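Accompanying notes for the structure given below.
Values in this text are rule-based calculations from the coordinates and carry no lab data. Keep in mind that this is a model prediction, so the values were computed, not measured. All Cβ positions, even for glycine, are placed from backbone atoms using ideal geometry, and neighbour counts span all protein chains on display.
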Amino acid sequence: MTKDEEDFPIAFSMMVYKHIEQVERLLRMVWRPNNVYCIAIDAKTRKEFVEAVLSIAKCFDNVFVHPVQVDVQWGTFSVLEPDVLCMDLLWKQNRKWRYFINLTGQEFPLKTNYELVQILKVYNGANDIKGTFREANMDRWASAGVPPAGLKPRKGAVHIVASRGYVDYVLHNDTAMLLLQWVKKVQIPDEAFFSMLNYNPHLEVPGSYTGDVDDDKRMFLGRYKLWYPQDTCSGRIARNICIMEVRDLSNLVKAPELFVNKFFYDHHPLAYDCLEKWYHNKVDLEKSGNLEFDATLYRNRYITRDHF
C-alpha cells in the first residue's frame, strides 16, 4: 500500500446471503491489511454458506463475522439493522478508521483502495449520503407519528459513505437512538434513517449537509445504480434495479461512483470477470508507481462547505 492508504484506514460492512464465490471475490477486491471489515449474514441462508464465510474470515485478523444473523425482509427494519450492528462491531475494534462504507455481496468496487482514499480525503469529513424531500413518498411516514427532536422526514438510500464522526453519532447520541426507534414504524426504514440524520442541520451531526436538502448542489457518488423505468436498462431487472451485464461495462469503467450495484453471479458472469480484470489492471499500475488520480470532480461537485 501507499503511505496515504496506510494513514487512512476504512471500515466496511458487507451484508451477504448467497454465492460465496462472489462474496470472496468482493472481499478480495476491497481487502487491505489496515482496513477493517464486518460481514453480516442473512439468517435465511444455508448452513454451508455460513460455514464458508466463517472459514474465510478466520484467515484474517481484520475481518469479523457478526454473531447476530438478522432475517432480512425487504421494506422492514431488518434491512437497516445489520448495518447498525456492524457499525457497533467496527467501532469497538482497535483501529482508528476514518470512514464507513456499507456494501452487499452483489456489489463491486469501481475505485481502487488508493482512489477511495484520495476521494475521501477530499470529502474531508463530509458524508456522501443521498437525501431528498421533494421526491419523497409521504405515505411512508403517515402511520409513524411525529418524528422526534424536531426532525424533518427525508428520503435517501441505504448505501452510505459516512465519516467516523457520523457513525459515532449514530451509535452514541440519544437523538439517533430515538430516531432509530421511530423509523421502525415507517415503511422502508433504511431509506429514512441515514438521510434524516444527514439532512437535519440543527442536529449538527458530524459531516452532515448544512444546506437545503433539495438545492441540487450535490451528487450522490457512493453507488452506481440504475433504476427501472427511470434509467435505461440493457438487460435483466430485479426489484426495479438493473442487473449489470457486458453492455454496461463501457459506462462502468468511466463512472465517477465508488461502487456499482448490482451483479448476479449467474447472470452475465463475463461482465463480472472483465470488471475484475480491469480493477486488477488499475492496481498493477499503482504498484508500478502510476498514482495519478484527478479528484477535481469530487472536490467541485460534492463538498459545499468546509468541514472540521
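For residue 185, the aspartates and glutamates whose Cα comes closer than 16 Å to its Cα, not counting residues fewer than 8 places off in the same chain, are 81, 139. Summarising the amide proton neighbourhood of residue 224: residues at separation of 5 or more, or on other chains, whose placed amide H is nearer than 5 Å comprise 258, 259, 260, 261.
Each DSSP beta bridge with both residues in the chain is either parallel or antiparallel, and the antiparallel ones are about 45%. Ordering 106, 242, 23 by the projection of their Cα atoms onto the charge dipole of the chain, which places +1 on the Cβ of Lys and Arg and -1 on the Cβ of Asp and Glu, puts 242 at the extreme positive end. In terms of packing, defined here as the mean over residues of other Cβ atoms within 10 angstrom, the peptides 171-177, 285-291, 33-39 line up highest first as 33-39, 171-177, 285-291. Ranking of 74, 141, 31 by neighbouring Cβ atoms within 10 Å, starting from the fewest: 74, 31, 141. Given the pairs 130/217; 225/282; 44/184, which are separated by over 18 angstrom at their Cα positions? Distance filter (> 18 Å) returns 225/282; 44/184.
In the chain, the ratio of gyration radius to Kirkwood radius, Rg to Rh, stands at 0.94 when only Cα atoms are counted. For region 88-93, putting each phi into the Karplus relation 6.51 cos²θ - 1.76 cosθ + 1.60 with θ = phi - 60° gives couplings of 5, 5, 5, 4, 7, 7 Hz, in residue order, rounded to whole numbers and with x for Gly and Pro. Each peptide in 51-63, 124-136 receives the mean, over its residues, of other Cβ atoms within 10 Å, and ordering these scores from highest gives 124-136, 51-63. Remark: region 3-222 carries a charge dipole of roughly 120 debye about the Cα centre, counting +1 on each Lys and Arg Cβ and -1 on each Asp and Glu Cβ. Remark on the chain: 59, 274 stand apart, with no other cysteine beta carbon under 4.7 Å.
Listed by chain and number, the aspartates and glutamates whose C-alpha is less than 14 Å from the C-alpha of residue 58, apart from same-chain residues fewer than 8 away, are 24.
Each peptide in 150-158, 109-117 receives the mean, over its residues, of other Cβ atoms within 10 Å, and ordering these scores from highest gives 109-117, 150-158.
Its DSSP H runs of at least 4 residues, each contributing -39,500 (n - 2.57), put the calculated 222 nm mean residue ellipticity of the chain at -10000 deg cm²/dmol, to the nearest 500.
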